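Asker: The structure that follows is given in the form of structure tokens.
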Amino acid sequence: MRIEQRLKDLGLELPAPLQVPHGMTLPFPWVRIVGKRAYISGHGPTNMDGSIAEPRGKVGREVAADQAYKAARLTGLAILGSLQRELGDLDRIAAWVRILGMVNVAPGFTRTPPVINGFTDLIVEVFGKEVGMHARSAVGMAELPFDIPVEIEGEVELK
């Protein structure tokens, strides 16, 4: 329970599962374990109750870069919540392997890496560099589900 204690020490709490918008069905698991890998489906920023966090829209237009950084951090907490529910103990994570960070960008916005740093900074802060440092892409997308500013998927290795 070292990671759970680290979250408490940092004053961080994990949100409830995503409240799927009315009329939507998402027929896939948030985390799928295959062997010693946990594959993480795309997550977006959520509030503590699992509702989709604001602001929504395109980064570089409706959403400022610093707001998108915070959204990436919230997305990290949502991912940690899903991993906690699936694994039972975040200390089962041996290494963060790979992350794909997607940013809902306005035309001409190219500063996607600093946005996804919100996620990376959180994971390294919680897990330390040895476990938390991961390979990563940060790409701009024309649209993301529910008009969220950031979506992140990834893969972790398990102990």
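The values are calculated or read from the model by the stated rules, or taken from the named source; none is laboratory data. If you're wondering where the values come from, they're calculated on a predicted model, not measured in any experiment. Backbone-built Cβ (ideal geometry, glycine too); neighbour counts: all protein chains shown. Ligands, DNA and RNA are stripped out before the accessible areas are found, and what is left, the full protein with its side chains, is counted by its heavy atoms. Shrake-Rupley method; radii C 1.70, N 1.55, O 1.52, S 1.80 Å.
Asker: Taking 7 Å along the Cα-to-C-beta vector as the label spot, tell me the Met133-Met1 distance in nanometres, rounded to one decimal.
Answerer: 3.1
Asker: Considering only protein heavy atoms and a probe of 1.4 Å, how much of the accessible area of region 2-159 is carbon and sulfur, as a whole percent?
Answerer: The C+S portion of the solvent-accessible surface of region 2-159 is 53 percent.
Asker: Compare Phe127, Phe109 by solvent-accessible area with a 1.4 Å probe and give them largest first, with all protein chains kept in place.
Answerer: Descending accessible area places them as Phe109, Phe127.
Asker: Please check the chain for the longest run free of GluC sites (Glu not before Pro) that are loop-located per DSSP (anything but H, G, I, E, B) and have at most 15 other Cβ atoms within 10 Å.
Answerer: 63-142
Asker: Can I ask one more? Using r as the Cβ-Cβ distance of Glu86 and Arg61, and R0 as 41 Å, what FRET efficiency do you calculate, to the nearest 0.05? Display every interim value, and only then the final one.
Answerer: Values: r = 35 Å, r/R0 = 0.85.
Once the sixth-power term is evaluated, E becomes 0.70.
Asker: Just subtract the alpha-carbon distance of Leu26 and Glu143 from 0.36 nm times their residue separation and send over the number in nm, one decimal.
Answerer: Once the chain is fully extended between Leu26 and Glu143, it gains 40.3 nm.
Asker: Across the chain, how many lysine pairs, 8 or more positions apart or on different chains, have C-alpha atoms separated by under 29 Å? Please give the number.
Answerer: Step by step, the pairs that qualify in the chain add up to 9.
Asker: Which percentage, to the nearest 5, of the DSSP beta bridges contained in the chain is antiparallel?
Answerer: 70
Asker: Given the protein chains as shown and a 1.4 Å probe, how many square angstrom of Tyr69 are accessible, to the nearest 10?
Answerer: Accessible area, nearest 10 Å²: 70 Å².
Asker: With every protein chain present, what is the per residue accessible area of the chain (1.4 Å probe, Å²)?
Answerer: Accessible surface, normalised per residue, equals 49 Å².
Asker: To the nearest 20 Debye, how big is the dipole of the chain about its Cα centre, given +1 on the beta carbon of each Lys and Arg and -1 on that of each Asp and Glu?
Answerer: Dipole about the Cα centre, nearest 20: 340 debye.
Asker: Would you please state which residues of region 52-87 a label at Ile33 would reach in this model, taking the label point 7 Å out along Cα→Cβ and a backbone N cut-off of under 17 Å?
Answerer: 80-87
Asker: Another question, then. Loop-only trypsin sites (Lys or Arg not before Pro) in region 1-94, please: DSSP not H, G, I, E or B, and at most 14 other Cβ atoms within 10 Å.
Answerer: Lys36, Arg61
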